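Step one of this worksheet: look at the structure below.
Laboratory data are not the source of any read-out in this text; all were calculated from the coordinates shown. On a predicted model such as this, the values are computed, not experimentally measured, just so you know. No Cβ is skipped: glycine too gets one built from the backbone with ideal geometry, and neighbour counts run over all protein chains shown.
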Amino acid sequence: MNKDQLSDIISEKLKLIRTERGYTQEKMAEVLGISKKTLVQIEKNRTDAGWTITAAVCALFRESNILQSALGGDPVELAEMAAHSYIRRAKDKTLGGRVWWREVNEQNGFRLQQNIISSHYRILDSDDYRLFSAYDKEEVLAEWQHLIQVKGDSRHD
């Protein structure tokens, strides 16, 4: 998913996200730092939310059930990947992929999963911590091979 695709989804769901939160158009516009006119244009599908609005919605409405269901997970994670192409962190705790994920592979204590909605990939350790996420399958497989190799090498030391 790229920035434009994410913006399209946010544009399509913005009114539902607003109503889920119980906000008026005035309040939502204020929260997002845009004019009410711009918000109305997005809600009526006359214009799309740009990248700045998309990133703001993902961050400010991260807990929205509407947004999480539309994206298949954490909106901030998906926005980060759209902006940077991948995420590599020390560790982020996950729920282990019980919702929105299918297991692709498991080896040496690592699990490779693919999101069934957004199609992005992630690598989890044996304690369900996310180590790497990306849309690009080749990037994920390269990281996967690296992690398995490092873990395998450490067993032989």
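Structural remarks
- Hull volume in cubic angstrom per residue (convex hull over the Cα atoms of region 27-115): 126
- Measuring max minus min along each principal axis, the C-alpha atoms of region 65-146 give extents of 36, 25, 21 Å (largest first).
- Across region 132-140, coupling constants 3J(HN,Hα) worked out from phi with the 6.51/-1.76/1.60 Karplus curve, θ = phi - 60°, read 7, 9, 6, 7, 6, 4, 5, 4, 5 Hz, and Gly and Pro carry x.
- Mean separation of Cα contacts under 8 Å, 6 or more apart, over the residue count of region 1-135: relative contact order %: 21
- Remark: region 72-77, residue by residue, has Karplus-estimated 3J(HN,Hα) of x, x, 5, x, 5, 4 Hz, where x stands for each Gly or Pro and the curve is 6.51 cos²θ - 1.76 cosθ + 1.60 at θ = phi - 60°.
- Toward the positive end of the charge dipole of the chain, with +1 on the Cβ of Lys and Arg and -1 on the Cβ of Asp and Glu, the farthest Cα among T38, A49, G73 is that of T38.
- A simple charge model with +1 on the Cβ of Lys and Arg, -1 on the Cβ of Asp and Glu and nothing else charged puts the dipole of region 85-155 at about 200 debye relative to its Cα centre.
- Dipole magnitude for the chain: about 560 debye, using +1 per Lys or Arg Cβ and -1 per Asp or Glu Cβ, origin at the Cα centre.
- Taking each of K15/K44; K3/K36; K15/K36; K13/K37 in turn, the alpha-carbon distance tops 20 angstrom for K3/K36.
- Considering region 40-85 at the alpha-carbon level, its Rg and Dmax are found to be 11.0, 31 Å.
- Shown here is the pair-distance distribution of region 3-79: with all Cα-Cα distances grouped in 10 Å bins from zero up to the longest one, the shares run 21, 61, 17 percent.
- Among (i) 1.05; (ii) 1.07; (iii) 0.97, the entry that matches Rg/Rh (Cα atoms, Kirkwood Rh) as calculated here: (ii)
- Under-5 Å amide H pairs with W101, H placed in peptide plane, nonlocal only: I116
- Taken along the Cα-to-beta-carbon direction at a fixed 7 Å, the label points for E138 and E26 span 5.3 nm.
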